[in-house]
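Where a number appears in this text, it was derived from the coordinates with a stated rule and is not lab data. As the structure is a prediction and not an experimental result, all values here were calculated from the model. Here the Cβ positions follow ideal geometry from the backbone for every residue, glycine too, while neighbour counts run over all protein chains shown.
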Amino acid sequence: MGTALVGFVMAAIVAAIIFSLVKNKKRGKSSCGGDCAHCGAACHAASSLHNSSLKETILEIDGMMCPMCESHINDAIRNNFNVKSVRSSHKTGVCRIQSQETLDQEKLKAVIKETGYELKEIH
């Protein structure tokens, strides 16, 4: 009887967690709590994105399958370039980078290759 009761309580807890994650996902919130995985930290630099002197670099990347993949790309870009914002989408396969200076395309290719993803195009 006790085992069944513990099993029922555990199932209820897991169901509540899954319900909460689905509800937050529908609202556009990330499960990390900081919501940076969702937006690529773009919300922190939203005011500077309207600065017309910023350069936008768009990367088409093959192989991103989930928000963690987006995070790997975003971290690699942030760690290797001086950027204002970087946002990747596994759904579209696109990474958008805002920076003050034009980014070195050869270095971009090398950085993305190191992550294990395939850089298809740079715009």
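Assorted remarks:
- Cross-link table Lys84/Lys107; Lys55/Lys109; Lys91/Lys120; Lys84/Lys120, entries beyond 20 Å C-alpha to C-alpha: Lys84/Lys120
- Per-peptide average of other Cβ atoms within 10 Å, ordering 11-21, 61-71 highest first: 61-71, 11-21
- Remark: region 53-123 carries a charge dipole of roughly 200 debye about the Cα centre, counting +1 on each Lys and Arg Cβ and -1 on each Asp and Glu Cβ.
- The orientation-averaged shadow of the Cα convex hull for region 74-116, equal to a quarter of the hull surface, comes to 3.0 nm².
- Centre separation in Å (Cα based) which lies between region 1-18 and region 88-111: 45 Å
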